[in-house]
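Okay, structure first, notes after.
The values are calculated or read from the model by the stated rules, or taken from the named source; none is laboratory data. A quick note: this is a predicted structure, and the numbers were derived from the prediction, not measured. Counting neighbours? That spans all protein chains shown, and the Cβs are built from the backbone with ideal geometry, glycine included.
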Amino acid sequence: MDIVIRPMNVDDVRTIYEVQKEMFPADHFYEEYAVFLNKFNLYPIGCWCIDRVMENDKNKSSLENNKDKLVAHIFTHPWFKDEFPQLNNSKALLEGIDSIVDKSRNYEIKNHLNRDNIVIYLNELGVRPIGRGYNLGRILTNHLFQVLDIKEFSLVSVQNSSGFWKSLGFELDQNPTEQRKQYLAKYYGEDACFMKNNTINKKIQFHSNLQQIKSLIMNIKSSKL
């Protein structure tokens, strides 16, 4: 299988919305289309996709073609350190990101903010069942580490994925408040946990250089999807 890592576009948002149940079957992970659209529009430089390369079917619509090709995606955006946005809350997402980035300056962090208090929040990493087993999540995340200026990241781990994130250098929040634990359990699931890393100040155990990413991609090319 040949793959292409590319920036997300607005057409992808509709595809991701329609196939979200493939990746996140639990009802409490369901998000409205407006939320996905906000994730993309508010910080498009932090949103990426992986396509499998295949011949276009001219008898299919662009949405159907996109559904055939798109196998993984990631939404990220700046957020305040040690915090995370509410799930499926378009208004909170809009207000939070608008208070951090200046769209007129290519989404740079606003001058009055202390950059040490801003991280990149990995809002969602999704790999469709057809693309699992090929390290696509690792490839996409490592690509993101390379292209974004901010080098401190955080996320909420769901669906028992904390082991995967630990392999990429993320660490568990060691002292969560009782309120945070209750919120995570209620809205993200009993296994949910807040995690973070810093790719500058720590020796991270993940494939962080381009050559290793290329090696993963070459291994995929030798497999059939």
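Okay, here's what the table says:
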read-out: Yes/no for N88 being farther than 21 Å from L144 by Cα and not in a helix (DSSP H, G or I); value: yes
read-out: Breaking point among (1) in contact with a helix residue (DSSP H, G or I) (Cβ under 7 Å, 6 or more places away or on another chain); (2) part of a loop (DSSP other than H, G, I, E, B); (3) of a type outside the set (V, I, T); (4) surrounded by fewer than 20 Cβ atoms within 10 Å (Cβ to Cβ), for L37; value: (2)
read-out: Some residue of segment 70-87 being under 21 Å from L136 (Cβ atoms), among the polar types (S, T, N, Q), out of contact with any Lys or Arg (no Cβ under 6 Å at 6 or more places or on another chain) and at pLDDT 90 or above; value: yes
read-out: Selection status of N106, surrounded by fewer than 18 Cβ atoms within 10 Å (Cβ to Cβ), at pLDDT below 90 and over 19 Å from the mean Cα position of the chain (by Cα); value: yes
read-out: Number of positions in segment 110-158 that are in contact with a strand residue (DSSP E or B) (Cβ under 7 Å, 6 or more places away or on another chain), among the basic types (K, R) and in a helix (DSSP H, G or I); value: 1
read-out: Residue, farthest from D102 (Cα to Cα), within segment 40-57, restricted to residues that are in contact with a helix residue (DSSP H, G or I) (Cβ under 9 Å, 6 or more places away or on another chain), of a type outside the set (A, V, I, L, M) and at pLDDT below 90; value: D57
read-out: Identity of the residue in segment 112-138, among the polar types (S, T, N, Q) and closer than 18 Å to K151 by Cα, that ends up surrounded by the fewest Cβ atoms within 10 Å (Cβ to Cβ); value: N114
read-out: First in segment 1-12 and more than 16 Å from V53 (Cβ to Cβ) and modelled with pLDDT of 95 or more, second anywhere and among the β-branched types (V, I, T) and not in a helix (DSSP H, G or I), Cβ under 9 Å, 6 or more apart; value: M8/I74
read-out: Some residue of segment 164-184 being over 15 Å from D82 (Cα atoms), at pLDDT 60 or above and in contact with a Cys (Cβ under 8 Å, 6 or more places away or on another chain); value: no
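This table checks each residue for (1) closer than 18 Å to I5 by Cα; (2) in contact (Cβ under 8 Å) with a residue 24 or more places away in the chain; (3) loosely packed, with under 12 Cβ neighbours inside 10 Å.
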site	(1), (2), (3)
S61	no, no, yes
V71	yes, yes, no
F75	yes, yes, no
D82	no, yes, no
L87	no, yes, no
K91	no, no, yes
I100	no, no, no
